[in-house]
Amino acid sequence: MSTTAPDVASVRTGERTTGIARRILRNYVVRRVFRSLFVIWVVTTVMFFMLRLLPGNPVDTYIATQMRAGGSYESAAATAAGLFTFDPSTPLIQQYGDYLWALLHGDLGNSLTGTTVVEKISSGLPWTLFSVGYALLIAIGVGLLLGVLMAYRRGGVLDHTVSVIGSVLHAIPNYLFAIILVVFGGVQLGLFDVADIRGTYTAGVEPELSFTFVSDAFYHASLPVTVYVLTTFGTWALVMKASTITTLEEDYVTVARARGLSDRRIGTQYVGRNAVLPMIAQIATQGSFVFGTAIFVELILKYDGISAELFAAINDRDYATVQGILLLMTFVVVFSNLLAELVNSALDPRIRESANGAGG
Amino acid sequence: MTAIAPGVAEPALAAPAPRTDGVWRTMVRSKSGLAGLVLVVLITGMSYLAPLFVDDHNPVDAQNRWQGPSGEHWLGTDHSGKDVLKQVVLGGQTIIYVGFLAAVITLGVAVVLGSLAAYYRGRLDSALLQLTDIVMTVPAVVLLAVVGAFFGLTTPTTLALLLGLITWPVLMRSIRAQVLSLKEREFVEAARLQDLGNMRIIFVEIVPNMAGYILINFIIAVTNAMYALVGLYVLGLAPLAGANWGIMIHQAWTYGAIYLPEGRAFILAPVCAIALFQLGLVMLTRSLEEIFNPRLSKG
C-alpha cells in the first residue's frame with residue numbers, strides 16, 4: 001500500500017517524467033506482463049541449453065541416419081546444412097543469440113521433414129485448441145449449473161450422485177477413460193465406428209467454412225471432448241458448490257433475504273455473480289492442465305492435434321520441432337495464467353491492491 | 001456427519017497435532033474411507049506379496065495366442081500366449097514403487113522449500129516463488145515425455161526422480177501458505193522465545209502440525225505420479241522392458257486387443273487395476289480431508 005504514496009508525491013513535486021515512468025512500471029498489468037515475458041525467456045533459455053546438452057549432436061545424428069539409409073556423406077551433409085538453421089560448430093553462446101534473434105521474428109527453425117516448425121505447429125495446434133476449448137466450455141457450463149444446484153440442495157440426491165460420479169470419473173486417468181470409452185462404446189455397443197471417428201476430419205472434406213466441414217470437425221472431436229468433459233466436470237461442480245456455499249453465508253445475502261428479495265433475484269444477482277469469481281482463476285489452471293495432458297488422450301484416440309506432431313518429432317529426434325512445440329505449450333500456459341490474473345484483478349480490485357503491497 | 005471421532009475429543013496440548021488413533025477410527029468408520037483403504041492395501045499387497053506365491057515364469061506360447069478366459073488362464077492370454085492374470089498380479093510393483101517414490105521426492109522438496117520460503121520470507125521467498133512460476137509453466141507430462149525419450153530413461157528410479165523434480169511447485173506453494181499462517185501461532189512464538197533455533201522451529205515445531213495436510217497431499221502426489229508414469233508407458237515413451245500394467249496396456253492397444261472379443265480381458269484387466277488403485281487413493285484423500293478439515297464436511 002505504502003508504495004503508491006511516493007509516486008503521487010513525486011508527480012506533484014514536478015518530477016513528471018520519472019514519476020510517470022515509475023508509475024507505469026509499478027502498474028499491476030505492466031508488471032504481470034513483464035513477469036510473464038521473463039518466465040517465457042527463462043523457459044526458452046533452459047530448453048535451448050537442455051536440448052543442446054543432450055548426448056549426440058543432432059546434425060551428426062541426422063547424417064548418420066541418412067548414411068545408414070544408403071546416402072553418401074557429402075549429400076547427407078548438404079541436406080543437413082539446408083535443414084538445420086544452426087551450425088553446431090559455432091560457439092554455443094552464438095547459437096543461442098541466433099536462436100533468440102530468429103525467435104523474435106517468429107522463426108522457430110526448420111523441421112527435419114522439410115517444412116518449417118511454424119507450419120508444423122499451425123497444422124496441429126488449431127485442432128487441440130478447438131477440442132480442448134470446446135470441452136472446457138461444456139464442462140464449465142455443466143459444472144456451474146450442477147454446482148449451484150448442489151449448493152442449494154446440500155445433502156440431497158443430486159449432491160451425492162454428482163459427488164460420487166464426479167470423483168470416480170476424476171480418479172480414472174483420462175487416457176484410460178478414453179480406452180474404456182473405445183472398448184465399450186465403440187466395439188462392444190457399436191455406438192460409433194472406431195476407425196471412422198479417428199483423425200480430425202474426414203479425408204476429402206475441405207477445411208473451409210461450410211456446414212459439412214464444421215459438422216465433420218465436431219463429429220471427429222466428439223470422442224476427445226467426451227473424455228475431457230466427463231473427467232473434469234466433477235471438479236467444476238465441486239468448486240462451484242464450495243464457492244456458492246461460501247457466498248450464501250455472506251452478510252449481504254442475508255440482508256437481501258431480509259429485504260424480501262425474490263429467491264431468483266438473490267440467486268442470480270447476489271450469489272451467482274460472486275460465486276463465479278473464484279472460478280476464473282480455475283479456468284486457467286484447469287485449461288492448462290487439460291491442454292498439457294491432451295497429449296495422452298489425443299494419441300490414444302488418434303486425434304491429430306499438436307500431440308501427434310510432438311510424438312512424431314520425439315520419435316524422429318526432430319529437435320527444432322520439439323523445442324518449438326514445448327515453447328508454444330509454455331506460451332499457452334503463461335498466457336492463459338496472465339489472462340486469468342488480469343480478468344481477476346479487473347473484477348476484484350482487492351487482488352491488485354494486495355499484489356502491489358506484498359510485492360508479488 | 002460427525003467429522004471428529006470421540007477419540008480426539010480431549011483438548012490437545014501446545015502443538016495440536018491430530019491424534020493418530022482418532023484419525024484411524026474416523027477413517028475406518030467412514031464407508032468410503034474404509035473402502036479406499038481396503039482397495040489400496042489389497043492392490044499393494046497383491047503386487048508386493050504375489051511374487052512370493054506366484055511363479056513368475058510366464059512362457060510365450062504361440063499355440064495359445066489370444067485365448068479367452070478359461071480354467072487354465074482365468075483372464076485369457078495375450079498376443080504372445082502369455083497368461084494375463086499372472087501379468088496383472090505381478091505387474092503392479094513398478095507402478096506403485098515409482099508412484100510412491102516420486103511422491104516422497106515431490107513432498108520432500110515441497111515441504112523443505114515451502115517452509116523455508118514462508119519462514120524466512122524476503123529474497124529467498126521471492127526467488128523460490130519465481131522458480132515455481134517457471135517450473136509450473138512447462139506442461140509436466142510433455143516435458144517428461146521429451147526428457148524421458150531423449151535421455152533414454154532406463155530405470156524406474158530415474159523416472160520417479162524426474163517426476164518428483166518436475167511436480168513439486170504446486171505443493172510447495174500450498175505448504176508455504178500453510179506455514180505462513182502457522183508461524184504466527186503462539187507455540188511458534190514460544191519456541192522462538194526459548195531460542196530453539198530456526199531449523200528446529202521449522203522442522204520440529206511447525207512441520208508436524210501440518211501432518212494431516214501433508215499426508216493428504218502425499219496421496220494426491222502418488223495419484224499424479226502414477227497418472228504421468230502410466231501415461232508414458234501406455235504411449236511407449238518409457239522403456240518397454242519387463243512387464244507392468246502400463247506396458248500391458250501399451251501392448252494390448254498396439255496389437256489391437258480391443259477388436260478381439262478374446263483380447264478384451266487383456267486390455268481391461270490392467271486398466272481396471274490402475275483405475276481401482278487410483279479410485280482407492282482418491283477415496284482415501286476425501287475421507288482424510290473430512291477428518292483434518294471438518295469445516296468441509298459441514299459445507
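The values are calculated or read from the model by the stated rules, or taken from the named source; none is laboratory data. Bear in mind the structure is a predicted one, so any value in this text is a computation, not a measurement. Methodologically, a virtual Cβ is constructed for each residue, glycine included, from the backbone with ideal geometry; neighbour enumeration extends over all protein chains shown.
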Can you tell which of A:112, A:25, A:54 is within 14 Å of another protein chain (Cβ to nearest Cβ) and at pLDDT below 75? A:54
Residues located in region A:138-177, provided they are in contact (Cβ under 8 Å) with a residue 40 or more places away in the chain, farther than 29 Å from residue A:300 by Cα and either facing chain B (nearest Cβ under 10 Å) or touching a Cys at 6+ places or on another chain (Cβ under 7 Å) (or both): A:151, A:154
Within region A:288-305, identify whether any single residue is farther than 29 Å from residue A:217 by Cβ and in a helix (DSSP H, G or I), and answer yes or no. no
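Take the conditions buried (at least 24 other Cβ atoms within 10 Å of the Cβ) and either at pLDDT below 90 or farther than 19 Å from residue A:231 by Cβ (or both) and apply them to residue B:249. Does it pass?
yes
Provide a single number: the residues in region A:69-99 that are modelled with pLDDT of 80 or more and either exposed (fewer than 12 other Cβ atoms within 10 Å of the Cβ) or within 23 Å of the chain's Cα centre (by Cα) (or both).
Result for region A:69-99: 2.
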Which condition does residue A:180 not pass, out of (1) surrounded by 21 or more Cβ atoms within 10 Å (Cβ to Cβ); (2) at the interface with chain B (Cβ under 8 Å from one of its Cβ atoms), if it passes all the others? (1)
Would region A:11-20 turn up any residue that is more than 30 Å from residue A:331 (Cα to Cα), at pLDDT below 70, surrounded by 15 or more Cβ atoms within 10 Å (Cβ to Cβ) and among the hydroxyl-bearing types (Ser, Thr, Tyr)? no
Please note which helices (runs of 4 or more DSSP H) are completely contained in region B:72-141 and include at least 2 residues that are within 14 Å of chain A (Cβ to nearest Cβ). B:93-120, B:122-137
So which of A:314, A:325 is surrounded by 17 or more Cβ atoms within 10 Å (Cβ to Cβ), facing chain B (nearest Cβ under 10 Å), in contact (Cβ under 8 Å) with a residue 60 or more places away in the chain and over 21 Å from residue A:28 (Cα atoms)? A:325
On the basis of being small (Gly, Ala, Ser) and without any contact (Cβ under 8 Å) to a residue 24 or more places away in the chain, does residue B:115 make the cut? no
Within region B:288-299, does at least one residue satisfy the condition of being more than 17 Å from the chain's Cα centre (by Cα), under 30 Å from residue B:77 (Cβ atoms), modelled with pLDDT under 85 and within 14 Å of chain A (Cβ to nearest Cβ)? no
Failed condition for residue B:171, given (1) touching an Asp or Glu at 6+ places or on another chain (Cβ under 9 Å); (2) part of a helix (DSSP H, G or I); (3) among the hydrophobic types (A, V, I, L, M, F, W, C); (4) closer than 29 Å to residue B:292 by Cα, with all others met? (1)
If you scan region A:269-311, which residues turn out to be closer than 23 Å to residue A:111 by Cα and more than 13 Å from chain B (Cβ to nearest Cβ)? A:303, A:304
Wholly within region A:193-272, which helices (runs of 4 or more DSSP H) include no fewer than the required count, namely at least 1 residues that are within 28 Å of the chain's Cα centre (by Cα) and surrounded by 13 or more Cβ atoms within 10 Å (Cβ to Cβ)? A:194-197, A:211-248
Selection within region B:265-278 - within 14 Å of residue A:180 (Cα to Cα) and at the interface with another protein chain (Cβ under 7 Å from one of its Cβ atoms): B:267, B:268, B:271, B:274, B:275
Could you list, in sequence order, all residues of region A:118-143 that are farther than 11 Å from residue A:225 by Cα and either surrounded by 17 or more Cβ atoms within 10 Å (Cβ to Cβ) or in contact with a Leu (Cβ under 6 Å, 6 or more places away or on another chain) (or both)? A:118, A:120, A:121, A:124, A:125, A:127, A:140, A:142, A:143
Evaluate the following for residue B:60: is it surrounded by fewer than 19 Cβ atoms within 10 Å (Cβ to Cβ) and not in a helix (DSSP H, G or I)? yes
Of these, B:234, B:204, which one is more than 10 Å from every other protein chain (Cβ to nearest Cβ) and free of Cβ contacts under 8 Å to residues at least 40 places away in the same chain? B:204
Inter-residue pairs, beta-carbon under 7 Å, first among the small types (Gly, Ala, Ser) and in region A:247-258, second assigned to a helix (DSSP H, G or I), 6+ apart: A:256/A:266; A:256/A:270
Please determine, by comparing only the residues of region B:249-264 that are without any contact (Cβ under 8 Å) to a residue 24 or more places away in the chain and more than 9 Å from chain A (Cβ to nearest Cβ), which one is nearest to the chain's Cα centre (by Cα). B:250
